[in-house]
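Below is one structure, written out as structure tokens; comments come after it.
Only the coordinates and a few stated rules stand behind these numbers; no lab work does. As the structure is a prediction and not an experimental result, all values here were calculated from the model. Quick reminder, even Gly has a Cβ in these numbers, built from the backbone with ideal geometry, and neighbours come from all protein chains shown.
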Amino acid sequence: MEIFLVGGAVRDKLLGRPVAEKDWVVVGATPQEMIDQGYQPVGKDFPVFLHPQTKEEYALARTERKTAPGYTGFQFYAAEDVTLEQDLIRRDLTINAMAENSNGELIDPYDGAADLRNRVLRHVSPAFAEDPVRILRIARFAARYHHLGFKVADETLELMRTMVASGEVDHLVAERVWKEMSRALTETDPQVFFTTLRDCGALARILPEVDALFGVPQRPEYHPEVDTGVHTLMSLQQACRLSPSVDVRFAVLVHDLGKGQTPSEEWPRHHDHERRSLPLVRAVCQRLATPKSARDLALAVAEFHTHCHRALELKPATLVKTLEKLDAFRRPERFRDFLLCCEADARGRTGLEERDYPQTEYFTGALHACSQVRVAELLEKGLSGAALGEALHRERIIAVKQFQSERQNQP
């Protein structure tokens with residue numbers, strides 16, 4: 001029995017990055033031998049075990065054979081005669097197909113170390129094309145290592161295009177797409193995930209609503225970058241500066257989907273794109289099975305981001321109505337995320353990346369003013385039901401008028 005450290009731990013160690021978790025491959029052992037040594041079996045499709053002390057994963061060396069479309073259509077073979085090289089060649093990228101033995105010596109049969117030095121993301125073998133999840137993974141690695149100068153190898157990108165054309169990507173299940181996308185959204189440069197998918201044609205199959213934004217013009221006086229798809233990814237970059245939240249970043253990604261359905265004769269204007277965005281956002285969230293928190297924030301931003309941009313121009317009644325529709329009084333945390341999304345949208349424009357966004361302070365001040373209205377006092381007047389709601393709404397409008405007056409009188 002020989003045990004090797006493999007995959008991401010070896011890669012990140014060579015890159016000088018922190019090693020988050022360790023995966024191990026065991027060569028020359030049987031499942032029973034692992035159990036006899038105290039390892040706990042956990043693998044469903046092939047033999048994987050947890051170390052009795054560290055709880056790290058130890059997998060028996062294995063090979064795989066494609067038997068059906070999609071990422072689940074594989075038959076695995078794990079036995080004592082499977083070599084380390086055979087196990088490594090089934091992996092996705094050369095930089096993930098390296099191992100380290102117990103003496104700390106590097107085993108690199110597919111030149112992963114050279115690709116690390118040259119900052120190249122390259123597939124290990126033609127078997128890459130058998131698993132559509134690998135398209136998502138390579139896009140995620142492109143996003144993760146973009147700041148280090150990594151690029152997808154030309155031949156790998158061409159292979160990804162072939163996979164898309166053959167329909168392999170169409171077999172991806174929603175949960176796996178969301179898992180890879182949400183992980184990509186945590187990276188420093190998640191926009192690269194989407195540009196990589198677009199470069200190989202996968203974005204049009206996985207997120208056609210986002211892909212449709214590219215090539216759609218906007219008014220240059222408001223959007224110097226013009227292209228709606230470019231603006232979307234610029235806004236996503238700004239969201240990364242403002243918040244680590246996946247919900248925030250996802251909401252910014254889908255905030256302008258309605259612009260992809262604007263009739264071309266109306267370009268570059270996009271009247272009522274907020275309303276058109278809502279069914280598209282719902283469709284994306286349903287298809288990807290996104291968490292409820294991500295869906296709710298995305299819908300709020302899609303519908304009301306223009307209201308936020310115009311906050312300083314809104315009448316008190318409109319301000320209050322917007323706060324109520326956003327459920328800001330009961331969900332102040334989500335309202336703060338909403339404001340971050342709107343700020344990212346405002347800054348996601350060429351030359352305006354550092355602009356101030358006074359709307360955040362203004363909207364927050366209006367919310368605070370409304371929160372000073374005491375429901376208890378209205379209850380003491382015997383109000384209830386619809387009458388109570390109407391009275392509360394009126395008092396909030398009065399509070400916002402007072403807030404605006406005090407703000408105007410400030411030196």
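Starting from the 7 Å offset along Cα-to-Cβ, what nm value, one decimal, do you get for the label separation of residue 384 and residue 261?
The two pseudo-label positions are separated by 4.3 nm.
What is the sum of charges around residue 399, taking Lys and Arg as +1, Asp and Glu as -1, for the other residues whose C-beta is under 11 Å from the C-beta of residue 399?
+2
Please work out the C-alpha center-to-center distance from the range 224-247 to the range 42-56 and express it in whole Å.
Spelled out, the Cα-based centre of one part sits 40 Å from the other.
Spelling out what I want: for every residue of the range 315-322, take phi, set θ = phi - 60°, compute 6.51 cos²θ - 1.76 cosθ + 1.60 (Karplus), and round to whole Hz; glycine and proline get x.
5, x, 5, 5, 4, 5, 4, 5
I need the peptides 121-129, 49-57, 186-194 ranked by packing, meaning the mean over residues of other C-beta atoms within 10 angstrom, with the highest value on top.
Descending packing order for the listed peptides: 186-194, 121-129, 49-57.
Neighbour counts of other C-beta atoms within 10 Å: give me 1, 160, 234 arranged from fewest to most.
Exposure proxy ranking, most exposed first: 1, 234, 160.
How long is the gain from residue 324 to residue 408 if the chain were fully straight, where each residue apart is worth 0.36 nm and the alpha carbon distance is subtracted?
27.9 nm
Order these by the 10 Å Cβ neighbour count, fewest first: 196, 83.
Ascending Cβ contact count within 10 Å gives the list 83, 196.
So what J values fall out for the range 127-136 if you push phi through Karplus, 6.51 cos²θ - 1.76 cosθ + 1.60 with θ = phi - 60°, rounded to Hz, Gly and Pro as x?
Using θ = phi - 60°, the values come out as 4, 3, 5, 7, 10, x, 4, 5, 5, 5 Hz.
Identify the trypsin sites (Lys or Arg not before Pro) of the range 283-358 meeting these criteria: DSSP loop state and at most 15 other C-beta atoms within 10 Å of the C-beta.
Sites meeting the loop and neighbour criteria: 310, 330, 355.
So in the chain, which Cys have no other cysteine's beta-carbon sitting under 4.7 angstrom from theirs?
So, 200, 240, 285, 341, 370.
Looking at this model, which pairs from 315/381; 325/381; 321/381; 179/292; 22/55 are more than 20 angstrom apart at the alpha-carbon?
From 315/381; 325/381; 321/381; 179/292; 22/55, over 20 Å: 315/381; 325/381; 321/381.
Relative contact order of the range 1-112: what whole-number percent is it, with Cα pairs under 8 angstrom and at least 6 residues apart?
26 percent
Write out the chymotrypsin sites (Phe, Trp or Tyr not before Pro) in the range 292-339 meeting two conditions: DSSP loop, and at most 13 other Cβ atoms within 10 Å of their Cβ.
Of the chymotrypsin sites (Phe, Trp or Tyr not before Pro), not one in the loops of the range 292-339 has a Cβ with at most 13 other Cβ atoms within 10 Å.
Hey, fewest Cβ within 10 Å first, where do 256, 337 land in order?
Ordered from fewest to most neighbouring Cβ atoms within 10 Å, 256, 337 come out as 337, 256.
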